[in-house]
1. Output the qualifying pairs, or none if there are none: Cβ atoms under 8 angstrom, residues six or more apart or on different chains, first residue in the stretch 1-22 and of a type in the set (D, E), second residue at pLDDT below 95 and open to solvent by less than 70 Å² (accessible area, probe 1.4 Å).
2. Output the residues belonging to the stretch 175-214 that are under 20 Å from D14 (Cβ atoms) and part of a loop (DSSP other than H, G, I, E, B).
3. Residues of the stretch 118-148 being open to solvent by 60 Å² or more (accessible area, probe 1.4 Å) and not small (G, A, S), which ones?
4. Which ones in the stretch 95-130 are more than 14 Å from the chain's Cα centre (by Cα), within 15 Å of S70 (Cα to Cα) and not β-branched (V, I, T)?
5. Specify the residue that is farthest from K200 (Cα to Cα); the eligible residues are those in the stretch 149-177 that are of a type in the set (S, T, N, Q) and open to solvent by less than 60 Å² (accessible area, probe 1.4 Å).
6. If you go through the stretch 187-214 one residue at a time, how many are closer than 18 Å to L24 by Cα and in contact with a Phe, Trp or Tyr (Cβ under 6 Å, 6 or more places away or on another chain)?
7. Any idea which of (1) open to solvent by 20 Å² or more (accessible area, probe 1.4 Å); (2) modelled with pLDDT of 95 or more; (3) more than 24 Å from P171 (Cβ to Cβ) is the one M1 doesn't satisfy?
8. Say whether the condition of being within 15 Å of the chain's Cα centre (by Cα) and of a type in the set (D, E) is met by at least one residue in the stretch 48-58.
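The values are calculated or read from the model by the stated rules, or taken from the named source; none is laboratory data. All values derive from a computational prediction rather than experimental measurement. Here the Cβ positions follow ideal geometry from the backbone for every residue, glycine too, while neighbour counts run over all protein chains shown. All accessible areas refer to the heavy atoms of the entire protein, side chains included, with ligands and DNA or RNA removed. Shrake-Rupley method; radii C 1.70, N 1.55, O 1.52, S 1.80 Å.
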Amino acid sequence: MTTTLPGWLQPLADLAGSVEAEQLAPRFPHPPADARPSAVLMLFAESPRGHELLLTERASTLRNHAGQISFPGGRADPGDVDPPATALREAQEEVGLDPVAVQVFGELPTLWIPPSNHAVTPVLGYWRSWSPTLRPVSLAEVAEVLWTPIEELIDPERRFSVVHPSGWKGPAFDIGTETPLWGFTAGIVSRVFERVGWSKPWDESRVRPLPEIR
């Protein structure tokens, strides 16, 4: 049975029904026809530290994006009926999240990640029964589970930009890990939080070197 969504998440639910892909990924909003269907889970919860967002640190042995911070998720399997099914299955396989405990309350537009040619649908979820039990289940994929307070993500002192040698510049967040939150995941967090009015003004001239890409 669907339960009532807490008020602090209602702006996100409203956004899911109105935001355009171009507003979340201005450079590469629309995947080509041959892109691989994928989904990630933006899981929100309430813990003793306040409102939090689930992030993971990817395993250092992965071929692509090793050691980077990301949402749980991955490529769709043939048995997945829709993006929420993919996102929840991947989260269960990666960090042991029980899909039944998650209230899915929306999907954001499907976006393109050119280097891997993935068509990624961010799925919005609320874990009402938060507990510290999530852990890396697939050690080949996940090194650490990172519950990150929303207050830290919107802290202006933790915001900066990174610049790629190609000239690409994107948002980044210091979340207390060796590798900051940057890239696709940081772009989604930054633009979604801005559109729902959670962001605070920060020094947009603050630029740091791009972490080594492995």
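1. E20/P29; E22/P29
2. If the condition is that a residue be under 20 Å from D14 (Cβ atoms) and part of a loop (DSSP other than H, G, I, E, B), then V196, G197, W198, S199 are the ones that fit.
3. R128, W130, P132, T133, R135, V137, L139, E141, E144
4. S116, H118 - these are the residues of the stretch 95-130 that are more than 14 Å from the chain's Cα centre (by Cα), within 15 Å of S70 (Cα to Cα) and not β-branched (V, I, T).
5. Top of the filtered list is T177.
6. 1
7. Only one criterion is unmet by M1, namely (2).
8. Within the stretch 48-58 (the criterion being within 15 Å of the chain's Cα centre (by Cα) and of a type in the set (D, E)), the answer is yes, since at least one residue qualifies.
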